[in-house]
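Here is the structure we will look at.
The values are calculated or read from the model by the stated rules, or taken from the named source; none is laboratory data. Note that the structure is a prediction, hence the values are computed from the model and not measured. Note that each Cβ is placed from the backbone with ideal geometry, even for glycine, and that neighbours are counted across all protein chains shown. Just so you know, the surface numbers come from the protein's heavy atoms only, side chains and all, with ligands and any DNA or RNA stripped out. Shrake-Rupley method; radii C 1.70, N 1.55, O 1.52, S 1.80 Å.
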Amino acid sequence: MDFTRLKPERGHDNHLGERVDDPLIDRLHWVIRQAIRVLAVLMVAVILWTVADVVLVLYEKLSDPPFLLLDLNDIFVVFAAFLAVLIAIEIFVNITLYLRDDVIHVKLVIATALMAIARKVIVLDLSTLAPTYLFGIGVVVLALGVTYWLVSARPGD
């Protein structure tokens with residue numbers, strides 16, 4: 001039997017594309033695509049939930065005395081909530097692009113990881129942090145930054 005795939009869409013290997021002559025694999029690909037759709041719907045629910053969390057956090061911080069004022073710590077809590085929403089949106093974009101193209105967009109995944117680690121850096125409490133933890137975060141940021149630069153510098157992008 002010849003297990004060749006149909007022509008790839010958009011110039012890349014379509015991992016979940018229909019196979020010409022294997023109905024079992026076709027059906028399994030369909031199941032996986034439905035699972036990805038469910039993940040996309042769940043991610044939208046998470047995004048809405050985190051938006052509600054931002055509203056709640058902002059309301060709680062602004063309603064505590066002193067009324068309608070935020071101290072520096074409150075601002076960091078609000079920033080963390082906002083950035084969690086943005087990270088969830090980036091993950092949703094990753095899921096929908098994978099559903100559409102059946103390929104992992106490495107640059108977008110790395111950018112999402114950079115955003116997540118940037119969120120961590122923004123909300124760090126340096127007074128309670130061990131130096132080795134800070135060094136580890138620095139190494140992760142550097143590695144992701146270099147990886148993003150290398151992926152961005154590829155010819156043909």
**OP:** Output the qualifying pairs, or none if there are none: Cβ atoms under 6 angstrom, residues six or more apart or on different chains, first residue in region 94-113 and assigned to a helix (DSSP H, G or I) and modelled with pLDDT of 85 or more, second residue among the aliphatic types (A, V, I, L, M) and open to solvent by less than 30 Å² (accessible area, probe 1.4 Å).
**Re:** I95/A40; T96/A40; V106/V151; K107/V151
Original post:
Yes or no: P131 surrounded by fewer than 10 Cβ atoms within 10 Å (Cβ to Cβ) and at pLDDT 85 or above?
Top reply: yes
Original post:
How do the pairs read when you match residues in region 24-44 that are under 13 Å from Y98 (Cβ atoms) and open to solvent by 90 Å² or more (accessible area, probe 1.4 Å) with residues anywhere that are assigned to a helix (DSSP H, G or I) and at pLDDT below 90, using Cβ under 8 Å and keeping only pairs 6 or more apart or on different chains?
Top reply: R37/L99; L39/I95
**OP:** Scan region 73-82 and give yes if some residue there is in contact (Cβ under 8 Å) with a residue 60 or more places away in the chain, under 21 Å from A45 (Cβ atoms) and part of a helix (DSSP H, G or I), otherwise no.
**Re:** no
**OP:** With the checklist (1) closer than 30 Å to Q34 by Cα; (2) assigned to a helix (DSSP H, G or I); (3) open to solvent by 80 Å² or more (accessible area, probe 1.4 Å) in hand, flag the one item D53 doesn't pass.
**Re:** (3)
Original post:
Between a first residue in region 130-157 that is closer than 20 Å to I104 by Cβ and a second residue that is open to solvent by 100 Å² or more (accessible area, probe 1.4 Å), which pairs have beta carbons less than 9 Å apart while being 6 or more apart in sequence or on different chains?
Top reply: V151/D157
Subject >> Considering residues of region 60-92 that are of a type outside the set (A, V, I, L, M, F, W, C) and within 23 Å of D125 (Cα to Cα) only, the residue surrounded by the fewest Cβ atoms within 10 Å (Cβ to Cβ) >> reply: P65
